Protein chains: 6
Amino acid sequence: MSDIAGRIATQAGTCLLHQSHGGKGLLLGGLPAAERGRVVIIGGGTAGGNAAILAAAAGAEVVVFDVNRERLAAMRALGNNVTGLYPYPDIVAREVSRADLVIGAVLKTGARAPHVVTRQMISQMQAGSVVVDISVDQGGCMETTRPTTYDNPTYEVAGIIHFAVTNMPGAVPRTASQALSAALLPYVLALAQPDWKTCKPLARGINVEAGKVIHPALKEMFA
Amino acid sequence: MSDIAGRIATQAGTCLLHQSHGGKGLLLGGLPAAERGRVVIIGGGTAGGNAAILAAAAGAEVVVFDVNRERLAAMRALGNNVTGLYPYPDIVAREVSRADLVIGAVLKTGARAPHVVTRQMISQMQAGSVVVDISVDQGGCMETTRPTTYDNPTYEVAGIIHFAVTNMPGAVPRTASQALSAALLPYVLALAQPDWKTCKPLARGINVEAGKVIHPALKEMFA
Amino acid sequence: MSDIAGRIATQAGTCLLHQSHGGKGLLLGGLPAAERGRVVIIGGGTAGGNAAILAAAAGAEVVVFDVNRERLAAMRALGNNVTGLYPYPDIVAREVSRADLVIGAVLKTGARAPHVVTRQMISQMQAGSVVVDISVDQGGCMETTRPTTYDNPTYEVAGIIHFAVTNMPGAVPRTASQALSAALLPYVLALAQPDWKTCKPLARGINVEAGKVIHPALKEMFA
Amino acid sequence: MSDIAGRIATQAGTCLLHQSHGGKGLLLGGLPAAERGRVVIIGGGTAGGNAAILAAAAGAEVVVFDVNRERLAAMRALGNNVTGLYPYPDIVAREVSRADLVIGAVLKTGARAPHVVTRQMISQMQAGSVVVDISVDQGGCMETTRPTTYDNPTYEVAGIIHFAVTNMPGAVPRTASQALSAALLPYVLALAQPDWKTCKPLARGINVEAGKVIHPALKEMFA
Amino acid sequence: MSDIAGRIATQAGTCLLHQSHGGKGLLLGGLPAAERGRVVIIGGGTAGGNAAILAAAAGAEVVVFDVNRERLAAMRALGNNVTGLYPYPDIVAREVSRADLVIGAVLKTGARAPHVVTRQMISQMQAGSVVVDISVDQGGCMETTRPTTYDNPTYEVAGIIHFAVTNMPGAVPRTASQALSAALLPYVLALAQPDWKTCKPLARGINVEAGKVIHPALKEMFA
Amino acid sequence: MSDIAGRIATQAGTCLLHQSHGGKGLLLGGLPAAERGRVVIIGGGTAGGNAAILAAAAGAEVVVFDVNRERLAAMRALGNNVTGLYPYPDIVAREVSRADLVIGAVLKTGARAPHVVTRQMISQMQAGSVVVDISVDQGGCMETTRPTTYDNPTYEVAGIIHFAVTNMPGAVPRTASQALSAALLPYVLALAQPDWKTCKPLARGINVEAGKVIHPALKEMFA
C-alpha cells in the first residue's frame, strides 16, 4: 500500500497549502508568472517515489533524499525538476528550511523509522508550510510526528501543519482494494498450496511462529 | 485569475474524491494496477485549460468540451490522455455520467454562463463523485450550482459533492498576488498616462461611464 | 522476435480499422475534435509491451492486462494514456467489449497459451472492430483464433476482423534480420566454444537431447 | 479534412512498407537494436503537420520541408527526431533519395500543387520504398502522382509504391464525421442567419457568384 | 540570428563553468546524486527563449524574466524546471545572486538595451559563476558588459567570468548560413519585385531613406 | 565517475564544434530551419549512456553502439532521436564517417579498451569534426587516441579535433565531490568494519594482496 500512501501524501499536502485549509496560500506547481513550490521528500522508495511522481508532474521543484544511488537515479529520471541527494544532516536541514511541503517516507521493514528531520529543522520552515509523514506507522521519520486519524487529521507545531494519518490509503478504498487484490492474489493462490512455505516472500513474512518471534527486525525491536 | 481558479478546481476536486472528504474514495490518476479516474471539463479557455493541465499531469483520463477548434487542438496537445470534443448535449450527458470529477469552466465576459450541465445529467453520476463549478461567479454552468464560500465550501445534490466557492483564487493569496501584479503592472503604468483610453484593453474594460452602462455584455444583462 | 511481432500487431490493427480494409472506419489515436480509439492488450511482456509502446505513442487509450505487478508498472510508465490491470475475467470481458482493437500477447515459453479472451467476449465487440493474436504460434490466447498467413491474413468471426498470421515478423525482413543478428551473435560465439553447455540460456533452450524430450514445458505438453 | 488525410497518409505508408503489402520490409520507427526508418514530408501545413505528428510519435526520423519559418519551428517542436528545412531543390532531392516514406502535402487553396518532387528524384529512391501524395486532389506535388481509389489504391513507378487515393479521409468515416460536424457547425449556424456574408470565412469560400467565377485562385486557373 | 545567439549563449556558458575554462567547476544539469545548476535568463524573446530551451533540456533549474505574460507562459511550457517571473528589480537581484549562469537577452529593435542587471547584483554572485550577454550588440543589458571577440572572448569582473562576443553566431557559420538563407529567401524574392515597399517587414526595416534617419528607434537614439 | 565523464564529453564536444574552438562551425542540436548534428557513441554503459542523455536532450541525432541488448533498449528509450546498433565494423565505419561528434566510451574494468574506431574510419570524417575518447584512461577505444591534459586538451589528426583528457571529471570538482561522496560513503562505512571483506564490491576491488596481483583483468594484462 506504500504506493497509495505516497500519492495521498502529495495530494493532501497540496490542498493543505491552500489558506482555506490553514496553509500559507501557495499553489504547488505555480503558474506561468509565479514561483513554483518546493517539495522535499525523505526517502525514495515506493512511498517516496510515488509522492515524487505526483509532485514532479504537478510542476513543483522536488528534492528527494536517499542513501541508495539507484533510487536517486530513478528519482532524477522522473523529470528535470527532480533533484536526488544523499541525506547529509546539514543538506537535509538546508532543504527542509526552504521547503513548502516536506514528505517523510523512510520505511524500514518492521523497524522503527529514524528521526531524519528534527524538531530544530522543522522550526526553520516558513509558517503555514506543511509536513506529511507517511512513516507514522513505524514511529515517524520526523521528531515532531504523532499519529492522527482522518477524523482529525492535522495538528500544528511551530506554525507548521502536520498530517500524519496512520492509515493513509483508507482515504481511497476503491483504488486500494483494486490494487491490493491484484498484488495479493498470487500469494493467496500460493498460500492455498500445501508447500506454501517454499514461496520465499510468504516465508519471509512470518513474524511469529510456534510462539516465538522469528522476524529479524521484530526480534531487534523486542530485544 | 482564471488560471489560478482552474488549477484550484482540479486540486480541490482531487481531495474531495478522498473518502475522508466525503468522496467515493478514488485516487485520481490511479496506480500501476488500478484504474485511472475520469475528469470532464466544460470549456477549454484559460480556466478550463489550466484545470486540464493539472488533471492530465496527474494521469487522469480527461475530456474537454469546447466549441472552438483551436482550443480543442491546444487541449489535445496537453497529452495523450486528453480528448477534445464538441459539446453536443447527448455527448456531454454521456461523458458526465461516466465522470468522477466534472469541472465547469464556461466563462463569457460579463455574461451569465449557460447551463451546459443539467440537473438530469448530474443525477446520472455515480454517488460520491464531485463537481466543481468555476463559472459560479457568473451564475454557474451547471443547473445545480449555488455559490458557496471557503467557510463552508461544499454541499450535496443527489449524492454528488458540489464545490462552488465564488472566489476560488482566495485560497492561494501568495501565488495570486504574485501573478496578479505581473499581469496588472503594464495596465497600471498605462493608466497613469493622460492618454490611457487609447489602450484598448483598458477602454474595453469600462463597464459604466458618465452614469451609463456601456459594456455590451452588461447592457444585454440589464436590458 | 516478440518485439517485432508486438509492433507489427499495432501497425496491422491500425490499418485494419480503416473502412477500406473492412474495419469500422476509425482513426486510432483520434483527432483534436474526435474521440481516441481504445486498444486492449492481453499480456504485458515483450510482445505486448512493444504493441503498447506504439499504441500509446499513437494516442490511443490503452489497457494492458498482466498478472505481474512489475510489468503493469512498466506499462503504466509508457504514458498517461496507459492503464494496467489484473486479468480478472469480468474486467477483461468489460474492456474487450469496449475496445476497437484487441491484441493477444500471452506467451508462455513452449506451452499452449490459455484462452483469456472467449468467443463470448468477442461477440460483445462492436462490428468492424479488430483482434490481432500474436499468441497464435502457441495456439492463440483467444478462443476464436485460427492461424493465417500473409497471403490471406484475415478472417471474420461475428463481424470482428481477425488477424493471426503465424509468422508476423516475416513482414519486415530487413528490420528483423538486423535485430535478430544483434540478438543471436553472442550465442553463436558461445556455441562455437567447446564448453557451450555452461552458457545457461543455451542449455535451457535444449528441447530434445539424446532422443528424449527434456524441456519442462514440452514434457508437460506431451505427457 | 486535411488533418485526417495527414494521419491516414502516415498510417497507410507504415503498412505499405511491410513486405506483405509489397514494401521493402521495414518497421517504421525501428527497434532497440535496429535502424529507424526515414520519413520526408513535403509541406508542414495541417495535412503535413498531422502526418509528421504520427511519424514522429512512431519513432521515425522525420524531415519536413516548408517555406514558412513558423511552420518549421512548429514541426521542430514535435520532437527531437523532427528536422525542418527550406525546400531547396537539391536538398529535397538528397532527402528523398534517402527516405523510406515520402509524403506529399503541398496544398494551395484552390490552386494546382507544384511538382516539388520530380520523377528523377523518385527514381533515386530504394526499391520498395513508399510515396503517399495527399496533394493528389489538386494535381499532386509529385511528378509521378496519378489519382487512385480505395478499390485499387496503389501502383508502382520505378519500383516505388505510390498511394494517391483522392479521398483519403473516406477510410475513417466515423472519425471524419465527428470531426467534420464539430468544424462545420459554427458555419451552419452562421449560414442560417440573413447576414451570413458578413462571416468572412463563408464569404471567402464563395467560388462562383451570379454566374461569375470570383475566387481568386480559381480565376487564375481558368484564365 | 537571435535563435542561434541564444543557443550559443547556453553552450558557451555551460563550458565556461568547467574549472578548465576558469569556472567554478560545476556540471550544469547535475547528476543523479548531485545538485543541478541554476540559470537565470533576462528576456524571454527569441534569443532568451532559445537559450532557455537548451538550458531546460540540459536539466538545469531555469528562471526567465520577461514583462510579457504570453512569453512567460511559453517559457513555462518548455518544462517543469522553468519558472517565469516579472522582472521586479529585487526579484532579479535575488535570482542573480543564486545563479551559476546568467544570460542577458534584452533586445529592443534598434534601441539601447536597459541595464537590468547592475554591477551590484553581479557582485553578489558566487566566484567562478558565468554571465553571457547576448544584448552586447545593443550596449548590453548588464552594467558590467563590454564587447569582446572570439579571439579573446572573456574577461572577469569581481570573480565572475563575462562572455560578451559581439557576433555570437559567428561560431557556427554552417548552421547560421543554412538558417539565414531560409529566413531571408522570401524577402530576397520580394525585394526583386518593383513593388517591394508594399512588403511590410521590408518597409519597416528601412533605417535611412533619402538621407534622413526614418526608423523610430534610431531617431530616438540620435535625438 | 563515469557518469560525469560522459556528460563532460558531450559538453566539451559541443563547444569544440564551434569554429572559435577550431571546429566545423556547427550548432549541435540544430535550429528550426537547420540540420541537426550527428553524434555517434561507442559503448552504452554508464559513461556512454550519460553522454547520450545530454546529446539526445540537446536535439542531436544520436547513434549508440553496444553489444548488450538491454543497454541498447535503455538507450533507445532516451528519446526518439536515439538509435541503438550492434557494433559490426562496417556499420561503425559508416556511422563514424557521417558523424559530427564521435564519443568513445568502451570501458572494460581494469582492461585495455579495444580499438573499435580505427585511424581509417577517422580519416573518413569531415574536416572540423570532433572525437572525444573517455576510454583514454584504459588506452583509448580509437586508434588515434593519445592522452592529453586540461592544460592542452586537444590535438588534430587528419583535420579531426581530438579531446582525450585523462581525468575528465577534473573539470567539475564541485559536482564530482558531491556525487563521489554520496557514492563512496556506504563503502567507507563498510570498510570501517572488521568484516569488510564480506562486502562483495569491496572484495572485488582488491587489485594487489600480500604482494600478488589478484584482480583477474589485471592478471591478464600483466601475464
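For region A:121-146, residues that are small (G, A, S) and buried (at least 19 other Cβ atoms within 10 Å of the Cβ) total 4. Per the conditions (1) open to solvent by less than 40 Å² (accessible area, probe 1.4 Å); (2) more than 14 Å from chain B (Cβ to nearest Cβ), the sole criterion not satisfied by E:P114 is (1).
Scanning region F:1-11 for residues that are in contact with a strand residue (DSSP E or B) (Cβ under 7 Å, 6 or more places away or on another chain) and open to solvent by 10 Å² or more (accessible area, probe 1.4 Å) yields one hit, F:D3.
Can D:G13 be described as in contact with a Phe, Trp or Tyr (Cβ under 8 Å, 6 or more places away or on another chain), modelled with pLDDT of 95 or more, more than 11 Å from C:T175 (Cβ to Cβ) and not in a loop (DSSP other than H, G, I, E, B)?
Considered against the rule, which asks whether it is in contact with a Phe, Trp or Tyr (Cβ under 8 Å, 6 or more places away or on another chain), modelled with pLDDT of 95 or more, more than 11 Å from C:T175 (Cβ to Cβ) and not in a loop (DSSP other than H, G, I, E, B), D:G13 comes out as yes.
Restricting attention to region E:69-92, the residues being touching a residue at least 12 places away in the same chain (Cβ under 8 Å) and within 18 Å of the chain's Cα centre (by Cα) number 12. When you scan region E:12-24, do you find a residue that is within 14 Å of chain B (Cβ to nearest Cβ) and open to solvent by 20 Å² or more (accessible area, probe 1.4 Å), even just one? No, there is no match, as no residue in region E:12-24 is within 14 Å of chain B (Cβ to nearest Cβ) and open to solvent by 20 Å² or more (accessible area, probe 1.4 Å).
Within region D:164-175, the set of residues being out of contact with any Lys or Arg (no Cβ under 7 Å at 6 or more places or on another chain), surrounded by 24 or more Cβ atoms within 10 Å (Cβ to Cβ) and of a type outside the set (V, I, T) comprises D:M168, D:A171.
Taken over region F:152-181, the criterion of being modelled with pLDDT of 95 or more, within 14 Å of chain E (Cβ to nearest Cβ) and more than 18 Å from the chain's Cα centre (by Cα) is satisfied by F:N152 alone. Check whether at least one residue in region E:98-108 is among the basic types (K, R), over 28 Å from F:R174 (Cβ atoms) and in contact (Cβ under 8 Å) with a residue 60 or more places away in the chain, and report yes or no. Yes, the conditions are met somewhere in region E:98-108. Looking only at region F:35-59, residues that are facing chain D (nearest Cβ under 8 Å), touching a strand residue (DSSP E or B) at 6+ places or on another chain (Cβ under 8 Å) and crowded, with 24+ Cβ neighbours inside 10 Å come to 2 in all. Among the residues of region F:77-89, those that are facing another protein chain (nearest Cβ under 7 Å) and either farther than 14 Å from D:L31 by Cβ or of a type in the set (D, E, K, R) (or both) comprise F:G79, F:N81.
Could you please let me know if A:A74 is within 11 Å of chain B (Cβ to nearest Cβ) and either open to solvent by 10 Å² or more (accessible area, probe 1.4 Å) or not polar (S, T, N, Q) (or both)? Here the answer is no, as A:A74 does not meet what is asked. Screening the candidates E:A33, E:A55 for the property of being among the hydrophobic types (A, V, I, L, M, F, W, C), modelled with pLDDT of 95 or more and farther than 16 Å from E:V92 by Cα yields one hit, E:A55. With respect to (1) more than 14 Å from chain E (Cβ to nearest Cβ); (2) modelled with pLDDT of 95 or more, the lone exception for D:V92 is condition (1). Condition check for B:R69 on (1) within 7 Å of another protein chain (Cβ to nearest Cβ); (2) in contact with an Asp or Glu (Cβ under 6 Å, 6 or more places away or on another chain): one failure, at (2). For region C:25-34, a residue qualifies if it is in contact (Cβ under 8 Å) with a residue 60 or more places away in the chain and surrounded by 24 or more Cβ atoms within 10 Å (Cβ to Cβ), and the qualifying residues are C:L26, C:L28.
The values are calculated or read from the model by the stated rules, or taken from the named source; none is laboratory data. Please read all numbers here as calculations on a predicted model, not as lab measurements. Cβ sites come from the backbone with ideal geometry, for glycine too, and all protein chains shown count toward neighbours. For accessibility, only protein heavy atoms count, side chains too; no ligands or nucleic acids. Shrake-Rupley method; radii C 1.70, N 1.55, O 1.52, S 1.80 Å.
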